[in-house]
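S.K.: Structure below; questions to follow.
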Amino acid sequence: MGTLWQDLRYGARTLLKRPGFTLVAVLTLALGIGANAAIFTVVNAVLLRPLPYQQPEQLVRIGGSNLQKGTTLGTFSPQDFYDWRARNTVFESMAAYDGWSPSLTGTGEPERLAAGRVSASFFDVLRARPALGRSFLPSEEERGNHLVAVLSYGLWQRRFGANPKIVGQTIMLNGFGYTVVGVMARDFEPPRFSDIDFERPELWAPFAPDLSQWSRSGRAVDAGIARLKPGVSTEQAQAEMTAIGLQLQQQYPDSNANSGVSIASLQDQLVRSIRPALFVFLAAVGFVLLIACANVANLLLARAATRQREIAIRTALGAGRWRIMRQLLTESLLLAIMGGVLGLLLALWATDFLVALGSDSIPHLGRIGLDARVLSFTMALTVLTGIIFGLVPALQASKPDLNETLKDGGRSATGGASRQRMRSFLVVSEIAISLLLLVGAGLLIKSFLRLQQVNPGFDPHNVLAMYVFLPGAKYPDDAKQVAFFDQVEQRAAALPGVEAVGMVSNLPISGNYDRVSFYVEGQPVPSPADVPDIERYYVNGGYFRAMSIPLLAGRAFGTQDRAGAPLSVIIGETTARRFWPNESPLGKRINTGNPESPDNPWRTVVGVVGDVRHYALDIAPAPQLYLPYTQSPSQQMTLVVRSTNNPESQIAAVRNAVWAVDRDQPVYNIKTMEGVVSESVAQRRFTMLLLGIFSALALLLAVIGLYGVMTYMVTQRTHEIGVRMALGAQGRDVLKLIVGHAMTLVVIGVCLGLAAAFAMTRVIGSFLYGVSATDPWTFAGVPLLLGAVALAASYIPARRATKVDPMVALRYE
């Protein structure tokens, strides 16, 4: 222990004597360690930290699967859910979850709430207990006995002033009175089903569908959640639920022919989309740290050369090789610890940046923060880093050539050939790793630019969108719903600066759509398993103009498409091409649903419009059709307003136009269409920006490393350069010598980096759109960029070498 303290004191004094060297090394390590700590903090919060429930490993999500299309964890019918619940033996309890957006009225400004309709056992599955009152009773799942609600702690505080007597009071939701039966605890975090929950639910009501009005083929329930019995694995549960799905297929062949059941760990399901990107980020910051270690190792090799005489004297006085190595490794660990402390501070700042950058694309970022796991990881990484960059210099420096080093007049900093080879190897490694990261970043940037160039099928500029949901109690019939939206359209269209006003049931690029079965008159009726489906949207006549969706044939909806008139439909370009490939679809008739049912009449095609990417920019349009909302009213519509100026300046005026028709009608999810499109690519943007930042950092460190090695080489070869110039060498010859050596290292590193980059294409291919993972322009452009930067980094010390005075150089020691 005494010798350890002696090593620490001596190491600290040695580092303080060379503050420039110490500062550069510590900053370099801090960048590498800080980047790793920041990304691990995100990985810890998203992937490693368990969900905030009791025994979260027992929680699974359950959903329907389409055996024909291979989709899993999809929607399902209430009837299927009740059968799953009744027949399974692998779950302690199971609950359905259906997204809901009720309007809260009565006191204060009307407000739309993010909410859910859930089975009575929903909170029991999560083992969550309310802070006030109770959760739901099984009897409250019965139709007509479900007008009760449980509030979140946040909603109770925000809207009801934390009233301790809220339990038992009535609140108005969609025009109906709901009795508050409970308030959840402050720390209750409802599970977010990432593909359906865009906002955190603040209220829950019982899931109580009217089965007499709901077909088994109507799969519209969003998700299910269940808790496994002790000792039951996810695989065992899946096997039993698959068997139950087969039973239902045989029992209900018309509705369940291609339907199955799928389950997945709730934790895995929530992070499945972001997990690959996080692993890529971990690999990227790992490479950045390796470059940082190579840089510091090069610094230590250079510094060890200047300490050869000191080490030789200590060896001659009896110090063993392990004793010398321990001293040098102690100094390396001191550097690593200082770099780790500063890196942890950088990580604290960086995590705030990551939260701001990825809040729209990464789940659980609200739980991000330092904990024992993050601190342990950073500590272990710091120690490992100190060993990695310190070991090779310590091994080389601890075996000095006493005869040469202790000679009078021997140059103390000549450095052996092995050290030169090691420094060259480290530079080559830095160049190769930098190129690997730069190629990945280049592919992602090009992919993102390609995605930005995709035509969504509409013009998002100067368009404002806001959601309106009419409560059934106040607008119980079609006529009242149509009258409301007609009045809103008229008032909004009369506003200054408004060009067009449209309405649609599901906004493009929002990820929401409504699929229905599709039949064409005069064409063979397919079997139930082969019936094609089509996306269905309800719109008004001004929608296509408001969104700048081109009309390719026929006409848009107008006054002739009111209730009582012949039923009309407008189809998308893909629909026309697929079902009427060699003829005009105008005047043809189609049917959605069951053509034999009187509730599904035939409709005449009156127009064809351009395809719209309703789900995402990187997903090609599916067959689409549009129905006039005047003939098929919908309670929920999105108002879209095209204006001549900044659309955000119209928010207050358009909201007032809605409130002029109904003061109790909330308007929510107000955003511009440019914002909607931007949000749809948020995760891709996050991945691109982050990998781009890490690649730029890697390039910077690699260039600094190359510059440092070239500078050191010029210093070491000053005597040689003086001799050459004294014998007649010109400045260009010296320049060629130094730059040639640097570019040789760069070319070797580029070749190794390209080989690694080609091997990486399998990993990064899933993140790309419209770009090959072996894109030749990227694989050619990145080495040229890296070569140009490396050339500039080596030219500066080479240029300095040409200015050497031969007389001074010949006296250089």
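The values are calculated or read from the model by the stated rules, or taken from the named source; none is laboratory data. These numbers were taken from a predicted model, which means no experiment stands behind them. Because the Cβ atoms are built from the backbone with ideal geometry, glycine has one as well, and the counts that use them run over all protein chains shown. These area figures cover heavy atoms from the full protein model, side chains too; ligands, DNA and RNA do not enter into them. Shrake-Rupley method; radii C 1.70, N 1.55, O 1.52, S 1.80 Å.
S.K.: Can you name every residue in the stretch 740-749 that is among the β-branched types (Val, Ile, Thr) and open to solvent by less than 20 Å² (accessible area, probe 1.4 Å)? Step through it out loud before you land on a result.
M.R.: The initial filter retains those residues of the stretch 740-749 that are among the β-branched types (Val, Ile, Thr), namely 744, 746-748.
Correct list: VAL746 only.
S.K.: Among the numbered criteria (1) at pLDDT 95 or above; (2) open to solvent by 40 Å² or more (accessible area, probe 1.4 Å), which single criterion is violated by GLU202?
M.R.: If we test GLU202 against (1) at pLDDT 95 or above; (2) open to solvent by 40 Å² or more (accessible area, probe 1.4 Å), just (1) comes out false.
S.K.: Which of the strands (runs of 3 or more DSSP E) found entirely inside the stretch 90-138 contain at least 1 residues meeting this: within 21 Å of LYS165 (Cβ to Cβ)?
M.R.: Working: elements: 91-100, 103-105, 115-118, 130-133.
Fully inside the stretch 90-138 and qualifying: 103-105, 130-133.
S.K.: I'd like the full set of residues that are polar (S, T, N, Q) and open to solvent by 50 Å² or more (accessible area, probe 1.4 Å), limited to the stretch 452-498. It would help to see each step written out before you state the result.
M.R.: If we filter the stretch 452-498 for residues that are polar (S, T, N, Q), which is where we start, we get 452-453, 455, 462, 481, 487, 490.
Correct list: GLN452, GLN453, ASN455, ASN462, GLN487, GLN490.
S.K.: Touching a strand residue (DSSP E or B) at 6+ places or on another chain (Cβ under 8 Å), under 26 Å from LEU690 (Cβ atoms), modelled with pLDDT of 80 or more and in a helix (DSSP H, G or I) - does that describe any residue in the stretch 287-297?
M.R.: Looking only at the stretch 287-297, we keep the residues that are touching a strand residue (DSSP E or B) at 6+ places or on another chain (Cβ under 8 Å), and these are none.
No - not one qualifying residue is present in the stretch 287-297.
S.K.: Let me ask you something else. VAL232: β-branched (Val, Ile, Thr), more than 17 Å from THR107 (Cα to Cα), within 34 Å of the chain's Cα centre (by Cα) and surrounded by fewer than 19 Cβ atoms within 10 Å (Cβ to Cβ), yes or no? Please lay out each step first, then the result.
M.R.: Numbers: β-branched (Val, Ile, Thr): yes; more than 17 Å from THR107 (Cα to Cα): yes; within 34 Å of the chain's Cα centre (by Cα): yes; surrounded by fewer than 19 Cβ atoms within 10 Å (Cβ to Cβ): yes.
Taking the combined requirement at face value, the residue satisfies it.
S.K.: Pull up the stretch 91-119, narrow it to residues that are at pLDDT 90 or above and open to solvent by 10 Å² or more (accessible area, probe 1.4 Å), then point me to the one that is nearest to MET184 (Cα to Cα).
M.R.: The residue in question is ARG117.
S.K.: Hey, any hits in the stretch 498-518 for a residue that's modelled with pLDDT of 85 or more and farther than 25 Å from PRO456 by Cα?
M.R.: Looking through the stretch 498-518, none of the residues is modelled with pLDDT of 85 or more and farther than 25 Å from PRO456 by Cα.
S.K.: Just a yes or no: is a residue in the stretch 517-525 aromatic (Phe, Trp, Tyr) and either within 30 Å of GLU596 (Cα to Cα) or open to solvent by less than 20 Å² (accessible area, probe 1.4 Å) (or both)? It would help to see each step written out before you state the result.
M.R.: From the stretch 517-525, those aromatic (Phe, Trp, Tyr) are 518-519; that's our starting set.
Checking which are either within 30 Å of GLU596 (Cα to Cα) or open to solvent by less than 20 Å² (accessible area, probe 1.4 Å) (or both) leaves us with 518-519.
For the stretch 517-525, residues aromatic (Phe, Trp, Tyr) and either within 30 Å of GLU596 (Cα to Cα) or open to solvent by less than 20 Å² (accessible area, probe 1.4 Å) (or both): present.
S.K.: Going through LEU147, LEU151 one at a time, which residue ends up being of a type in the set (A, V, I, L, M), closer than 23 Å to SER119 by Cβ and open to solvent by 10 Å² or more (accessible area, probe 1.4 Å)? Show your work before the answer.
M.R.: Numbers: LEU151 fails: open to solvent by 10 Å² or more (accessible area, probe 1.4 Å).
From the options LEU147, LEU151, the qualifying one is LEU147.
S.K.: State yes or no: is GLN683 more than 19 Å from VAL498 (Cα to Cα) and open to solvent by less than 10 Å² (accessible area, probe 1.4 Å)? Walk me through how you get there before you give the answer.
M.R.: On the way: more than 19 Å from VAL498 (Cα to Cα): yes; open to solvent by less than 10 Å² (accessible area, probe 1.4 Å): no.
Judged against the criteria, GLN683 is not a match.
S.K.: Picking from SER584, SER597, SER649, which residue would you name as being polar (S, T, N, Q), in contact with a helix residue (DSSP H, G or I) (Cβ under 9 Å, 6 or more places away or on another chain) and either open to solvent by 20 Å² or more (accessible area, probe 1.4 Å) or part of a strand (DSSP E or B) (or both)?
M.R.: It is SER584.
S.K.: I would also like to ask the following. Being touching a Phe, Trp or Tyr at 6+ places or on another chain (Cβ under 9 Å), touching a residue at least 40 places away in the same chain (Cβ under 8 Å) and in a helix (DSSP H, G or I) is the filter; apply it to the stretch 750-775 and report the residue that is most open to solvent (accessible area, probe 1.4 Å).
M.R.: Per the criteria, the residue is VAL763.
S.K.: Would you say SER135 is without any contact (Cβ under 8 Å) to a residue 60 or more places away in the chain, under 20 Å from PRO190 (Cα atoms) and not charged (D, E, K, R)? Break it down into steps so the answer makes sense when it comes.
M.R.: Values: without any contact (Cβ under 8 Å) to a residue 60 or more places away in the chain: yes; under 20 Å from PRO190 (Cα atoms): yes; not charged (D, E, K, R): yes.
For SER135, the condition - without any contact (Cβ under 8 Å) to a residue 60 or more places away in the chain, under 20 Å from PRO190 (Cα atoms) and not charged (D, E, K, R) - is met.
S.K.: Identify the residue in the stretch 635-681 that is of a type in the set (Gly, Ala, Ser) and closer than 18 Å to TYR543 by Cα and, among all such residues, is farthest from the chain's Cα centre (by Cα). Working first, answer last.
M.R.: Restricting attention to the stretch 635-681, the residues satisfying the condition of being of a type in the set (Gly, Ala, Ser) are 643, 649, 652-653, 657, 660, 675, 678, 680.
Okay, now just the ones that are also closer than 18 Å to TYR543 by Cα, so 643, 657.
Values: SER643: 32, ALA657: 37 Å.
For the stretch 635-681, the residue satisfying everything is ALA657.
S.K.: Can you tell me which residue within the stretch 154-167, out of those that are under 36 Å from the mean Cα position of the chain (by Cα) and open to solvent by 70 Å² or more (accessible area, probe 1.4 Å), is farthest from PHE188 (Cα to Cα)? Before you say what the answer is, go through the steps one by one.
M.R.: Let us first name the residues in the stretch 154-167 that are under 36 Å from the mean Cα position of the chain (by Cα), namely 154-162.
From the residues that got through so far, the ones that are open to solvent by 70 Å² or more (accessible area, probe 1.4 Å) too are 157-158.
Working: GLN157: 14, ARG158: 16 Å.
Taking the candidates together, the pick is ARG158.
S.K.: Looking only at the stretch 27-37, decide whether some residue is surrounded by fewer than 21 Cβ atoms within 10 Å (Cβ to Cβ) and either among the hydroxyl-bearing types (Ser, Thr, Tyr) or closer than 21 Å to PRO276 by Cβ (or both).
M.R.: There is no residue in the stretch 27-37 that is surrounded by fewer than 21 Cβ atoms within 10 Å (Cβ to Cβ) and either among the hydroxyl-bearing types (Ser, Thr, Tyr) or closer than 21 Å to PRO276 by Cβ (or both).
S.K.: Looking at the stretch 556-579, which of its residues are over 38 Å from the mean Cα position of the chain (by Cα) and without any contact (Cβ under 8 Å) to a residue 40 or more places away in the chain?
M.R.: Answer for the stretch 556-579, where residues must be over 38 Å from the mean Cα position of the chain (by Cα) and without any contact (Cβ under 8 Å) to a residue 40 or more places away in the chain: GLY558, THR559, GLN560, GLY564, PRO566.
S.K.: May I ask you to list the residues in the stretch 206-247 that are among the small types (Gly, Ala, Ser) and under 21 Å from ALA264 (Cβ atoms)? Full working, then the answer.
M.R.: Narrowing the stretch 206-247 to residues among the small types (Gly, Ala, Ser): 208, 212, 215, 217-218, 220, 223-224, 226, 231, 233, 237, 239, 243, 245.
Correct list: ALA220, ALA223, GLY224, ALA226, GLY231, SER233, ALA237, ALA239, ALA243, GLY245.
S.K.: Can you tell me which residue within the stretch 54-89, out of those that are assigned to a helix (DSSP H, G or I) and farther than 17 Å from GLU240 by Cβ, is least open to solvent (accessible area, probe 1.4 Å)?
M.R.: Narrowing the stretch 54-89 to residues assigned to a helix (DSSP H, G or I): 56-58, 78-87.
Imposing the further condition that a residue be farther than 17 Å from GLU240 by Cβ reduces the set to 56-57, 78-79.
Working: PRO56: 27, GLU57: 126, PRO78: 0, GLN79: 30 Å².
By that ranking, first place goes to PRO78.
S.K.: Right, another one. Going through PRO209, PRO191 one at a time, which residue ends up being within 27 Å of PHE123 (Cβ to Cβ), crowded, with 17+ Cβ neighbours inside 10 Å, touching a Pro at 6+ places or on another chain (Cβ under 8 Å) and not aromatic (Phe, Trp, Tyr)?
M.R.: Details: PRO191 fails: touching a Pro at 6+ places or on another chain (Cβ under 8 Å).
Among PRO209, PRO191, only PRO209 is within 27 Å of PHE123 (Cβ to Cβ), crowded, with 17+ Cβ neighbours inside 10 Å, touching a Pro at 6+ places or on another chain (Cβ under 8 Å) and not aromatic (Phe, Trp, Tyr).
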